[in-house]
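*Asks:* Submitted below is the structure of interest, expressed as structure tokens.
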Amino acid sequence: YRAKRTGERHIIYDPGMQTFREEHLSLLGDLQQAVEHNQLTLYYQPKVNLATGRADEAEALVRWIHPDKGFIPPGEFVPFAEQTGYIREVTRWVLAHAIATAGAWALAGRPVKLSVNLATRDLLDRDLPSLVAELLEQASLSPDYLCLEITESGLMADPAKALAVLQQLRAMGLSIAIDDYGTGYSSLAYIRRLPVTELKIDRAFMIELVHNDSDRQIVRSTVELGHRLGLKVVAEGVEDHATVALLRAMGCDQVQGYVFAKPMPAEDFIRWREALDARNLSADALSPSP
Ligand code: C2E
Ligand code: MG
Ligand code: MG
Ligand code: MG
């Protein structure tokens, strides 16, 4: 207790820290404004099915359009929002908008299954399942069209609490993906005990996949083991066609990456997908052998 008090006094009298806290507070204020005044927006990146060549799924990725600072990517404010606890509001904004958008697309007759990223803290929010249920209801969206992405570290913060929240979400019929898979320390033996439906293999394994034998062995066995455990397997961050062809030969289910499209505003995503449909490509044409 004494150490903590000393620490607080230290912070109060350190002029550098004071500036830091002020900047922090003003950024937090800005973020609150952003959520309240819709300065956040969602971009959509297609997940392309390697068996059909279609893009019936996409990941929703948040962006902050700051009135003075311009475009702020999530890597620069999501960690800050987590530290300050404000992530709860950001997640709620993202869920509300993603679910409303997926609802509108389904109603228009061409549904898209959307993936939404959750932060570590979100998994400790016992109110999350009922919030999601309410939003699905408002948007008349079936839970079949929503996937929540979590990370291994998100599970480790408080595994028992996270498991309880995940089980409720899964019981509602949502899909659950492990994001950035392979960068943490959890084994598939641990993951198979969780109510997970999908593995997203991290981009780190895609960069050298064509040339690096050990990356190839890891990805190949992850795809196989994932399938044996009944999981869908997605490769993220794929930038070239040679890698797509290799992943397809390995039986990987979906690819998400710049090779097909960058994340884009909703209208652009819809147009992109219409163009893909119009070309009516077979999956073979989508990933020509190198
Ligand atoms: P993530 O969930 O792993 O999302 C994939 C990131 O990789 C995205 O970055 C995407 O733009 C990028 N990416 C996709 N394909 C490629 C590629 O081929 N090459 C390269 N170099 N990058 C690619 P983004 O949108 O900047 O998001 C970064 C991270 O921020 C996300 O990683 C996720 O952890 C977090 N994030 C994004 N949106 C949200 C959100 O709504 N809520 C929360 N809690 N976190 C979010
Ligand atoms: Mg993700
Ligand atoms: Mg990822
Ligand atoms: Mg990532």
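*Asks:* Could you work out how far apart the two model spin labels at Leu229 and Asp158 are, taking each label as a point 7 Å from the Cα in the direction of the beta carbon, and quote it in nm?
*Replies:* In this crude label model, Leu229 to Asp158 measures out at 2.5 nm.
*Asks:* Where in region 218-255 is the amide nitrogen less than 13 Å from a point lying 7 Å along the Cα-to-Cβ axis of Asp144?
*Replies:* Of the residues in region 218-255, none has backbone N under 13 Å from the label point off Asp144.
*Asks:* Can you run phi through the Karplus equation (6.51, -1.76, 1.60; θ = phi - 60°) for region 111-119 and list ³J(HN,Hα) in whole Hz, with x for Gly and Pro?
*Replies:* Result, ordered by residue: x, 10, 7, 9, 9, 10, 7, 9, 8 Hz.
*Asks:* Now for a different question. Can you give the angle from 0 to 90° between the axis of helix 128-138 and the longest principal axis of the chain, with both taken from C-alpha atoms, to the nearest 10?
*Replies:* Orientation of helix 128-138: about 60 degrees from the principal axis.
*Asks:* I would also like to ask the following. In whole Å, how far is the Cα centre of region 160-187 from that of region 251-290?
*Replies:* So the two Cα centres are separated by 27 Å.
*Asks:* Show the residues, 5+ positions off or on another chain, whose built amide H is closer than 5 Å to the amide H of Glu57.
*Replies:* For Glu57, the qualifying residues are Lys47, Lys113.
*Asks:* Follow-up. Between Thr84 and Ala104, how high is the FRET efficiency from 1/(1 + (r/R0)^6) when r is the Cβ-Cβ distance and R₀ = 35 Å? Nearest 0.05.
*Replies:* Details: r = 32 Å, r/R0 = 0.90.
Here the calculated transfer efficiency is 0.65.
*Asks:* At 1.4 Å probe size, with the rest of the protein present, what percent of the exposed accessible area of region 154-290 is carbon and sulfur atoms? Walk me through the numbers before you get to the answer.
*Replies:* Numbers: 3310 of 6570 Å².
In region 154-290, the share of accessible area belonging to carbon and sulfur is 50 percent.
*Asks:* To continue, here is another question. Any idea what the alpha-carbon Rg over 2.2 N^0.38 Å comes to for the chain?
*Replies:* Numbers: Rg = 20.5 Å, N = 290, 2.2 N^0.38 = 19.0 Å.
In units of the 2.2 N^0.38 Å rule of thumb, it is 1.08.
*Asks:* So what is the relative contact order for the chain, in percent, with contacts set as C-alpha pairs under 8 Å and at least six apart? The partial results should precede the final answer.
*Replies:* Numbers: 437 pairs, mean separation 51.2, N = 290.
18 percent.
*Asks:* Taking the solvent-accessible surface of protein heavy atoms with a 1.4 Å probe, what is the per residue accessible area of the chain in Å²? Write out the running numbers ahead of the final one.
*Replies:* Details: 14460 Å² over 290 residues.
Per-residue value: 50 Å².
*Asks:* Kindly express, to the nearest 10 degrees and within the range 0 to 90, the angle between helix 241-250's C-alpha long axis and the longest C-alpha principal axis of the chain.
*Replies:* 80 degrees
*Asks:* Normalising by the residue count of region 65-137, find the relative contact order in percent from Cα pairs under 8 Å and 6+ residues apart. Let's see the in-between values first.
*Replies:* Numbers: 38 pairs, mean separation 22.5, N = 73.
In percent, rounded to a whole number, it is 31.
*Asks:* If you roll a 1.4 angstrom probe over the protein chains with everything in place, what fraction of the accessible area of region 48-144 belongs to carbon and sulfur, to the nearest %? Write out the running numbers ahead of the final one.
*Replies:* Values: 2210 of 4220 Å².
The nonpolar share, carbon plus sulfur, comes to 52 percent.
*Asks:* Oh, and also: I'd like the Karplus ³J(HN,Hα) series for region 183-192: coefficients 6.51, -1.76, 1.60, θ = phi - 60°, whole numbers in Hz, and an x wherever there's a Gly or Pro.
*Replies:* Values, residue by residue: 9, x, 10, 7, 8, 5, 4, 6, 5, 5 Hz.
*Asks:* Additional query: One-quarter of the Cα convex hull surface for region 174-254, in nm²? Before the final figure, lay out each step's value.
*Replies:* Numbers: hull surface 19.8 nm².
The Cα convex hull of region 174-254, projected and averaged over all directions, gives 5.0 nm².
The values are calculated or read from the model by the stated rules, or taken from the named source; none is laboratory data. This structure is a prediction, so every number in the text was calculated from the model and none was measured. Here the Cβ is made from the backbone with ideal geometry for all residues, glycine too, and neighbour counts use every protein chain on show. Note: areas computed on protein heavy atoms with side chains; ligands, DNA, RNA excluded. Shrake-Rupley method; radii C 1.70, N 1.55, O 1.52, S 1.80 Å.
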